[in-house]
Amino acid sequence: PFSRSGNSAPFSEAADGAIIGEGACAVVLKRLEDAERDGDRIYAVIRGIGTASGDTVAFGDDVYRQALEKAYSDAGVAPDTIGFIEAGADGIRENDRREAAALTSYFASVNVPVRSCAVSSIKGDIGHSGAASGLASLIRGCLALYHEIIPGCRGLETPVSAPAESSPLHFPRSSRYWLRNRLEGPRRAGVSICCIDGSCSHVVLE
């Protein structure tokens, strides 16, 4: 599954595999009322989590959808309030195409407005760091909210699953300011993680 060119390009038709990344990361979790009482810097709030399991190695569309449905049910928020998805795509075309299709199918089915949700993957920046990948994605989702920046999808030229004009998703090629009318509520992001055991998880942040 590794790239011969040495480049990682999630969601790109030109991608030829993943590259190996190394790293470590940690997050500090605290109840919101305690963090507010103690005057802590709050990067994001976890609103909901959904997890589903399927066949090993390759996740199925139904498993991905179950994780999304559970996460948004747990969060108690409408999917059309999500402005950014940090996906698990790693530059392996078949997997990236499957994930793009699963996300498009779900968000279209719940009437998310056209091209209102950006999708990207940190693996284009740091490669696939194994067990640390999920936390790296979670941290980038939190930082995107905190800095009000939607990160671009590095290395993307032609998307593996070119979104139709009516698609609720788009793949930004470069980072951009995350503009939002505060009267419409807080910024929200989703983080998707797919593992080699066939499981998928989705975390709703705001």
Taking protein heavy atoms only, a 1.4 Å probe, and rounding to whole percent, the accessible area of segment 113-167 owed to carbon and sulfur comes out at 56 percent
Everything considered on the Cα gyration tensor (a ≥ b ≥ c; rounded for a/c under 1.5, else prolate if a/b is larger than b/c, else oblate), the chain must be described as rounded
The simple spin-label model distance between Ser116 and Ala14, using points 7 Å out along Cα→Cβ, in nm, is 3.3 nm
The correct ranking of Leu103, Leu29, Leu135 by accessible area at 1.4 Å, largest first, is Leu29, Leu135, Leu103
With every protein chain kept in place and a 1.4 Å probe, the chain has an accessible area per residue in Å² of 51 Å²
Looks like segment 108-206, by Cα gyration tensor root eigenvalues a ≥ b ≥ c and the a/c under 1.5 rounded cutoff (else prolate when a/b is bigger than b/c, oblate otherwise), is rounded
Measure of exposure for Ile149: accessible area at 1.4 Å probe, Å² rounded to 10, is 50 Å²
For Lys123 the rounded accessible area (nearest 10 Å², probe 1.4 Å, non-protein molecules ignored) is 10 Å²
The extension gain from Tyr146 to Leu183, computed as 0.36 nm times the residue separation minus the Cα-Cα distance, is 11.5 nm
Once His202, His170, His147, His128 are ranked on solvent-accessible area with the largest value leading and a 1.4 Å probe, the list reads His147, His128, His170, His202
When every protein chain stays in place and a 1.4 Å probe is rolled, Val203, Val27 sorted by accessible area with the largest first are Val27, Val203
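The values are calculated or read from the model by the stated rules, or taken from the named source; none is laboratory data. Bear in mind that the values here come from a model prediction, so they are computed numbers and not experimental data. We place every Cβ from the backbone using ideal geometry, glycine too, and count neighbours over all the protein chains shown. Calculation scope for accessible area: heavy atoms of the full protein, side chains included, ligands and nucleic acids excluded. Shrake-Rupley method; radii C 1.70, N 1.55, O 1.52, S 1.80 Å.
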